[in-house]
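The values are calculated or read from the model by the stated rules, or taken from the named source; none is laboratory data. A quick note: this is a predicted structure, and the numbers were derived from the prediction, not measured. Here the Cβ positions follow ideal geometry from the backbone for every residue, glycine too, while neighbour counts run over all protein chains shown.
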Amino acid sequence: MSRGTQITLIVILVGLFALFYQGLWGDPRHIPTVLIGTKAPTFIGPDVETGRPISLDQFRGKVVVLNFWASWCYECRVEHEHILRLHREFQHDPNFVMLGVNYQDELSDAQRYLQRFGSSFPHVRDVKGTIAIDYGVYGVPETFVIDQHGIIRYKHVGPIVGPTYDDLKQHMLMPLLTGTEPSTL
């Protein structure tokens, strides 16, 4: 094997190791998304509780917090009370909408979860994960903020609790709802 081939092989192996390391031990919350600043993918699906169709398009012109969750997800349970509180804080603003997306769940499990932990906003069923695929979701919970123009402004992987909750509220939602430019989170 020539020296050039050996060096090329070493470079490839180091690169593969770096990718492997990032995949196993890297923090998925810090993986960037190309969706920020792009038009939010539209979708339609049945409401978990009523079965009636819900479309993202019906909320055009409003700030939408889109929260992907599942009944089998422990971190979703940790986050749920905070998501409900966020909804309570902004629900009286006519330009605000909170929308849950139930990810690959049995209907009975999703309904039981909402009955047990509470529900104050609509939740769309995403049985096959097609909505999640369109949004680049690879685990739950994940939360997006879509502005009044239908542009994705924010994505967070993991539960919205503690400082993340405060930052989302103060530096993203309040500015969008008052017509000012939010800071970059």
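General remarks:
- When 154, 138, 165 are checked against the criterion of being on the phi < 0 side of the Ramachandran plot, loosely packed, with under 14 Cβ neighbours inside 10 Å and not charged (D, E, K, R), 138 stands alone in meeting it.
- Whichever residue in the range 78-113 is of a type in the set (S, T, N, Q) and within 16 Å of the chain's Cα centre (by Cα) and, among such residues, is nearest to residue 130 (Cα to Cα): 104
- Here the strands (runs of 3 or more DSSP E) wholly within the range 10-88 that include at least 1 residues being of a type in the set (Gly, Ala, Ser) and modelled with pLDDT of 95 or more are 44-46, 53-55.
- Residues being of a type in the set (Lys, Arg), surrounded by 14 or more Cβ atoms within 10 Å (Cβ to Cβ) and either in the same structural domain as residue 174 (by TED's automatic domain parsing) or farther than 26 Å from residue 177 by Cβ (or both) are represented in the range 111-130 by at least one member.
- Only listed residue being among the aromatic types (Phe, Trp, Tyr) and out of contact with any helix residue (DSSP H, G or I) (no Cβ under 8 Å at 6 or more places or on another chain), chosen from 135, 103: 135
- Top-ranked residue of the range 101-110 - restricted to ones that are without any contact (Cβ under 8 Å) to a residue 60 or more places away in the chain and more than 17 Å from residue 159 (Cα to Cα), ranked as surrounded by the most Cβ atoms within 10 Å (Cβ to Cβ): 105
- Selection from the range 39-66 of residues that are polar (S, T, N, Q) and touching a Phe, Trp or Tyr at 6+ places or on another chain (Cβ under 8 Å): 55
- Of the strands (runs of 3 or more DSSP E) lying entirely inside the range 91-152, the ones with 1 or more residues being hydroxyl-bearing (Ser, Thr, Tyr) are found at 96-103, 142-146.
- Here residue 169 meets each of (1) part of a strand (DSSP E or B); (2) closer than 14 Å to residue 82 by Cα; (3) among the basic types (Lys, Arg) with one exception, condition (1).
- Subset of the range 32-69 (residues that are more than 15 Å from residue 99 (Cβ to Cβ) and surrounded by 13 or more Cβ atoms within 10 Å (Cβ to Cβ)): 33, 35, 36
- Test: residue in the range 142-149 that is closer than 24 Å to residue 52 by Cα, surrounded by fewer than 18 Cβ atoms within 10 Å (Cβ to Cβ) and among the charged types (D, E, K, R): no
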